[in-house]
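Undergrad: Take this structure, written in structure tokens, and hold onto it; I'll ask about it next.
The values are calculated or read from the model by the stated rules, or taken from the named source; none is laboratory data. Remember, predicted model here, so these are calculated numbers, not experimental data. We place every Cβ from the backbone using ideal geometry, glycine too, and count neighbours over all the protein chains shown.
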Amino acid sequence: MGSPLVRARGLVKAYGEGRAAVRVLDGADLDVDRGELVAIVGRSGSGKSTLLHLLGGLDRVDAGTIELAGAPLHELDERGLTTVRRRDVGFVFQAFHLLPELSGLENVLLPAQLARDGLEAAPRARELLRRLGLTDVASRLPSTLSGGEQQRLAIARALVNDPALVLADEPTGNLDEESGIAVLELLRLAADTGRAVVLVTHDRAATALADRVLRLRAGRLLQ
Amino acid sequence: MRHDRLRALLTAGGIVAAAAMIGAAAMLVFALATGFDRSAVRADLPDVSARFAEQPLSLVASRVRALANVRKTAYRFEANGIGVQANSDSASGGVVEGVLPGERGYAIVDGRDVARRGEVVVERGLVHSWHLQLGDVVTLSGGGGTLDEKLVGVAVAPDSVAYPLQRTPRLYTWIDDARRLVGAGPDVDVALIWVNDRSQLDVTLAQARAASYGVSGLRFVTREGFHQLIGRAAGIVIALLVAFSLVALAAAGVMLAASAAAEVQRRGEAIGILRALGATPAQIANGYALETAALTAPAAALGIFAGLLAVVGPTRRLLNVLNELMPGTGDTFLLLAGCWAASVVLVASATWFPAWRAARRPTVQALRGSDVVLTPRRVPLPGLAGFGARLALARPFRATALIAVLSASAAVVLLILTIATVLHGLEHDARTLGTQYQLTVPAGETSIARVRAIRGVADAAPRYETNAADSFELGESFQLIAFPGDLARYEAPPLASGRRVRSSGEGDVGLGLAQALDLHVGGALAAQLPSGREVRFRVVGIVEALRNQGLLAYVQPKRLLAAMPDLTADIAVKLGPGADLDRVRDVLLSRGVYSQRTGGIAQDYGVSGTFGRTSFLRVLAALLRSVAFLDGLVCLYALAQMLALIARERRRAVAVVRAIGASRAQILAVFAGSALLVAAIAAPAGIALERFVLGPEVARLAVSYVTLPLRSGLEPVTTVLAGLAVAVVTSAGLATRAATAEPIVVALREE
């Protein structure tokens, strides 16, 4: 077996200063392989989202190392992190974060545009929308779509650049049970097609679909 | 808490900046727009000023006393061409107004008035220019003798612009001293008249004309006439400064209101929580409005004071130039207090209304978050710049207001640049005055053949010029300019009506003269020449001549020379295409003839009588360009504010775009798209506004006797477009810098 896609060691992240400082991550280690769906659970405020942000290059560690596909995120400058986010990472947010001015298709195509791949990505995006059952709503604005449709669009946006790592932060948190299951199945499918998927969740259905479930407690990840 | 304090400081900073613009603009508008009236009241400027050839006081006084409607009078003896010297400075051609006890018609702004012989009051412009102080000795020399006078006061009278723009310094002495300077007898030559009823001034003037039998050289200037004279000199500048200030006021007001509304938008979720806890929309709106007012009150006071400090110096200098006074402390305080109150009310209202509207939304919707969730317009704009444009369009009212501000600013800047170009042309380019020849040679007709023989010279003709007075009214003086043959080949101001002169009995009159004498094509111009002879011409055309305010007539020389046989000519020299002007001048010089370039007003005549000096044109042009620059800064400020508001309102959307891989350059493209959309609509609107409304209107208001070419050309349009492009890139750069300085997760976390 080769090296893991994600390799994080001794992650430390604190908020606040002086005596008020809180270490939400305190030596967390994590390996994630391609094709693996890892669920991370924990109490609110335990640092789950922070871990996801660090893995995706949205935030920087105070200490520790993160390698993504061999690239040392902890050493990269902002420009390097931007490239990694654009090329290797897809994000799915709890609140979807679709841009309300853009249609469904335009939202999906946005990461490809940022990668200057818009034209080539268009057929790929349409195929993704077809597979996700969103063809009919592709031209509509997000505000006219249901929560489930919006989250599926967000997943399509996360997958359009064919990233190696998909990070999902409470992807079912704002959805009803039926929509939530559909979204989880999509993430499972993303993992089954060779991507590494890390999702932060409180949802039992999500943990049931995961290959591994890790609990974040006292700043560390436990099996 | 710390974060909130920082945000409050940033908000207060924005209010300070906008309030500074409001304070500066309001001060400028008030000080300039009311300058003449305020100064006229303070100086007790007479309703009519009558100048005439020297007459005994008793004769003039008895005639004036006989007029109805006269409230009070004063008489002076005006000595002209007086040498003035003080400390190490000197000037020739000074005007010394000899005054009698009684009314004055000027305001003493320092020291005291003249009370006896040996004392002098000096106009403020001269005092500032020469750094004079009370008690200094001022030496006056005229044809009748030299006097050392003690400077006892400083005066301002808004009936002319100030020294050194008006090159003749003005001083006030006891009347006997003024008479002694020119060796005059006990006569007066100026009467100042204040009337009871200004609406009957025309009747009074008609009576005065009728009663002026035996009084020669009589000329009246009314208070309104002085206002118009000052207006001719500086009216455009003041109008533009006022327009600029109003644009700045509008920009600051819109941005203050939009900023306050954006702040409410950010608090959408908190409003939802308050609603969920049972607060009424009015309670919520009142609370936010009070909170904002508490923040705005000190910030606006600080900003308005800063704005006042920024413009008070330049405003004072400009008013000094115009011989006008700054507003009093009380008026200024009231004005600024009004601005302060308006700013606080504006911000509080701009907070109250959106807070009230947000609180009236369904509570669940309000609880969803603070990001703008409007139904966006489906505008098919591609790429990241297109996304930025849609961000701007998500706020259609703000975008429209900004487009209005930018297009008005662009139009004002275009107008200013065009006027500056015209002023430059007036000063340097003879063609602006309709002159078609390049050199003037002070040599007689006998030299024409020799001049024509010089290589590069296409043609040469004698040019005659003399002053004349209208024979019918004997008041209006004008210039007669004569060329043999087709004079339009040498001087061709645009024809307003009729045709060019073809024979010696015909004349083309300037529009200014036609207006003054009510001349029309087909009428007769009767010119009283300095020789005492009269010569008449049939008016065949009316030309828009800028020279001498259009008080001139073009004729052929035959009749003129018959009436003035000793009139000498200069030679007007036309060069051929591609001829080297300097070389031709060198050849002329080598033959002992000094030639003059035919420049614009710099080398020729005053554009507006006593005030039309080349230095003044230069000052006006420089001032206008400064205002254009400031107006450009207003554009930049307005654009930067809009983008800052978008960045603030849409910080989470920007963070999402960054999260999915947007580089700084791509975020820049988003913001540039927002700014570009606004600029792309504002630019053509501004150009159209200037070319079809402002330009023609200002040209009409500025001078009635010509059509000034105030429709912007390619150069100012290119300058404005380049300026807008710089503003777009700069404002987008600033917004990008602010938006990308924040960690992505901080913006994403703000739910």
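Undergrad: Need at least 2 residues that are of a type in the set (Ser, Thr, Tyr) per element, so show me which strands (runs of 3 or more DSSP E) inside segment B:118-226 make the cut, counting only ones lying wholly within it.
TA: Passing ranges, in order: B:137-142, B:170-174.
Undergrad: Filter the strands (runs of 3 or more DSSP E) completely within segment A:178-223 down to those with at least 1 residues that are touching a helix residue (DSSP H, G or I) at 6+ places or on another chain (Cβ under 6 Å).
TA: Because the criterion is at least 1 residues that are touching a helix residue (DSSP H, G or I) at 6+ places or on another chain (Cβ under 6 Å), the strands (runs of 3 or more DSSP E) in segment A:178-223 that meet it are A:196-200, A:212-217.
Undergrad: So how many residues does segment B:581-598 have that are more than 12 Å from B:Ile454 (Cα to Cα), touching a residue at least 40 places away in the same chain (Cβ under 8 Å) and part of a loop (DSSP other than H, G, I, E, B)?
TA: 4
Undergrad: From B:Asn286, B:Asn320, which residue is part of a helix (DSSP H, G or I) and at pLDDT 90 or above?
TA: Sole residue among the options that is part of a helix (DSSP H, G or I) and at pLDDT 90 or above: B:Asn286.
Undergrad: Something else about it: What number goes with the only condition from (1) surrounded by 17 or more Cβ atoms within 10 Å (Cβ to Cβ); (2) modelled with pLDDT of 90 or more; (3) closer than 30 Å to A:Leu81 by Cα that B:Val678 does not pass?
TA: B:Val678 satisfies every listed condition except (3).
Undergrad: Could you tell me which residue of segment A:37-64 is farthest from the other protein chains (Cβ to nearest Cβ), considering only residues that are part of a loop (DSSP other than H, G, I, E, B) and out of contact with any Leu (no Cβ under 8 Å at 6 or more places or on another chain)?
TA: A:Arg43
Undergrad: Considering (1) at pLDDT below 80; (2) within 14 Å of chain A (Cβ to nearest Cβ); (3) crowded, with 20+ Cβ neighbours inside 10 Å, say which one B:Arg378 fails and leave the rest.
TA: (3)
Residue by residue, here is whether (1) aliphatic (A, V, I, L, M); (2) surrounded by fewer than 16 Cβ atoms within 10 Å (Cβ to Cβ); (3) out of contact with any strand residue (DSSP E or B) (no Cβ under 9 Å at 6 or more places or on another chain); (4) under 28 Å from B:Val451 (Cα atoms) holds:
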residue	(1), (2), (3), (4)
B:Ala492	yes, no, no, yes
B:Glu506	no, no, no, no
B:Leu513	yes, no, no, no
B:His520	no, yes, no, no
B:Gln528	no, no, no, no
B:Gly532	no, yes, yes, no
B:Ile542	yes, no, no, no
B:Asn548	no, no, no, no
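Undergrad: Also: For segment A:33-49, state whether one or more residues are free of Cβ contacts under 8 Å to residues at least 12 places away in the same chain and of a type in the set (S, T, N, Q).
TA: There is at least one residue in segment A:33-49 that is free of Cβ contacts under 8 Å to residues at least 12 places away in the same chain and of a type in the set (S, T, N, Q).
Undergrad: Of the numbered conditions (1) over 27 Å from B:Arg38 (Cβ atoms); (2) crowded, with 21+ Cβ neighbours inside 10 Å; (3) touching a residue at least 60 places away in the same chain (Cβ under 8 Å), B:Asp187 fails exactly one; give the number of that condition.
TA: For B:Asp187, the failing item is (2).
Undergrad: For segment A:102-117, enumerate the residues that are more than 17 Å from the chain's Cα centre (by Cα) and either facing chain B (nearest Cβ under 7 Å) or over 11 Å from A:Ala138 (Cβ atoms) (or both).
TA: Matches in segment A:102-117: A:Leu102, A:Gln113, A:Leu114, A:Ala115, A:Arg116, A:Asp117.
Undergrad: Which number in (1) buried (at least 17 other Cβ atoms within 10 Å of the Cβ); (2) touching a helix residue (DSSP H, G or I) at 6+ places or on another chain (Cβ under 6 Å); (3) not hydroxyl-bearing (Ser, Thr, Tyr) marks the one condition that B:Ala33 misses?
TA: Here B:Ala33 meets the rest and fails (1).
Undergrad: Still on this structure, I have one more. Suppose we keep only residues that are within 14 Å of chain A (Cβ to nearest Cβ) and in a helix (DSSP H, G or I) within segment B:393-419. Which one would you say is nearest to B:Leu721 (Cα to Cα)?
TA: B:Ala399
Undergrad: OK, next. Given the condition buried (at least 20 other Cβ atoms within 10 Å of the Cβ) and within 9 Å of chain B (Cβ to nearest Cβ), answer yes or no: does some residue in segment A:65-83 qualify?
TA: Within segment A:65-83, one or more residues are buried (at least 20 other Cβ atoms within 10 Å of the Cβ) and within 9 Å of chain B (Cβ to nearest Cβ).
Undergrad: Condition first: over 17 Å from A:His53 (Cβ atoms) and either modelled with pLDDT of 90 or more or within 7 Å of another protein chain (Cβ to nearest Cβ) (or both). Now tell me which residues in segment A:88-101 satisfy that.
TA: Correct list: A:Leu99, A:Pro100, A:Glu101.
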